[in-house]
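Notes to accompany the following structure.
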Amino acid sequence: MHLPRLALLAVWAALLCACNTLPSTGFLKGDVEGQNVAPDLGNVQLVDVTEPVAQRLRAKQSAHLFSEAFGNEPAVVPRVGPGDVLEVSIWEAPPASLFGSTFDVRGATTPTRMTGLPEQVISSEGQISVPFVGHLNVAGRSLPQIETEIADRLKGRANDPQVLVRLIRNPTSSATVVGEVANSALVPITPRGERLLDALAVVGGVRQPVNKVTIQMTRGDTVQSLPLDSIIRDPKQNVPLHPGDVITAMFQPLSFTALGATGKNEEVNFETQGITLAQALARTGGLLDSQSDAQGIYIFRFEPIDALEWPRQPVATTKDGRVPVIYRLDMKNPASYFVAQDFPMSNKDLLYVSDAPAAQMQKFLNLLFTVIYPIYAVKNL
């Protein structure tokens, strides 16, 4: 007669012991913020997502703008250098003649002698050679300066010499475009003042969708990256090119991973111009009403050490100098909805929504009912 009652007591005791081993999608809010925080989290920065934090992170992104890093001043071109190819033409009036045959110039009252010298590649020492002038240092000089010096050196030997110097090829006044483009190439920089998008157009554009391409630009020791879509949208980022610039088009589909009590747990791709935390939550299907804790929304990220003022000192860093950070958002606070629209997501972020404590209780009650109901039914029989 007392067997069913004893069985129920035994089952109840077993279930109570099993409360802490119920299945779960991950940790609860108290596991990060409570008294029993895991020792491994002692050096991890826990930062509340507030408007000042969001603005600071956005300012860090703005510091990477091409207009800030490279400016919008056009390059002073053309300046020639080793490897450039020049064509030198010399005119002189009769009777004296050092060069060539007679060439009739329209409008001239007397025949004029013109000599076109073979194309010359500027040597590694920065020199070319001109008959009756000798070796001439031209590296770093403009075409009018070279013309003037040749004409000055010919005075007294040639009769009223006139000189024209043309730049045939100028690899030293070029920008290099490589990566996910139709044709990698050297793009000459002319007095017109070519800009970044001009160079991409010359090489046939990018091979991947615009919203998935990041442009990396290198000038000297300065290296910056910016989404191509942002450059197209903001004319200020279409900066003038300088000789020696290297433009690399990179196919970089950005993504974050969603785990926990969200509508779907998966890796979610997003555009190179970036998305906000509010958009990220929407793309994961939002929070599960029956399971999620609106006060337990976390973003796991590695930040540069100068990204924020860190609350936990000393600051622990990874081997590559980054700081492990857990950003915390309380969606029960209405102001958080404004902040979520301004907080930028980063590539490889991990978005986690913890279970509500009531969800654990619901699991326990479901398990209890599943085990006890068959025993109760047997007793009644």
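Couple of notes before you dig in:
- Residue within the range 190-204 that is out of contact with any Cys (no Cβ under 8 Å at 6 or more places or on another chain), in a loop (DSSP other than H, G, I, E, B), acidic (Asp, Glu) and over 30 Å from Ile90 (Cβ atoms) present: yes
- Taken over the range 337-353, residues that are in contact (Cβ under 8 Å) with a residue 60 or more places away in the chain and farther than 22 Å from Glu266 by Cβ amount to 4.
- Flag if Ser255 is more than 30 Å from Gly140 (Cα to Cα) and outside any strand (DSSP E or B): no
- Hey, Thr272 outside the structural domain of Gln120 (by TED's automatic domain parsing), modelled with pLDDT of 90 or more, outside any helix (DSSP H, G or I) and more than 30 Å from Ile128 (Cα to Cα) or not: no
- Residue within the range 306-319 that is in contact with a Gly (Cβ under 9 Å, 6 or more places away or on another chain) and in a strand (DSSP E or B) present: no
- Going through (1) of a type in the set (A, V, I, L, M); (2) touching a residue at least 40 places away in the same chain (Cβ under 8 Å); (3) surrounded by fewer than 21 Cβ atoms within 10 Å (Cβ to Cβ) one by one, Leu241 falls short only on (3).
- Hits in the range 158-185 (condition: surrounded by fewer than 17 Cβ atoms within 10 Å (Cβ to Cβ) and either under 14 Å from Leu228 (Cβ atoms) or without any contact (Cβ under 8 Å) to a residue 60 or more places away in the chain (or both)): Ala182, Asn183, Ser184, Ala185
- Taken over the range 310-336, the criterion of being within 27 Å of the chain's Cα centre (by Cα) and free of Cβ contacts under 8 Å to residues at least 60 places away in the same chain is satisfied by Thr317, Thr318, Lys319, Asp320, Gly321, Arg322.
- Checking each residue of the range 140-151 against the condition of being over 24 Å from Pro94 (Cβ atoms), of a type outside the set (Val, Ile, Thr) and in contact with a Ser or Thr (Cβ under 8 Å, 6 or more places away or on another chain) gives no match.
- When residues of the range 327-375 are limited to those that are assigned to a helix (DSSP H, G or I), aromatic (Phe, Trp, Tyr) and modelled with pLDDT of 90 or more, the one surrounded by the fewest Cβ atoms within 10 Å (Cβ to Cβ): Tyr337
The values are calculated or read from the model by the stated rules, or taken from the named source; none is laboratory data. Because the structure is a prediction, the values reported are computed rather than measured. Note that each Cβ is placed from the backbone with ideal geometry, even for glycine, and that neighbours are counted across all protein chains shown.
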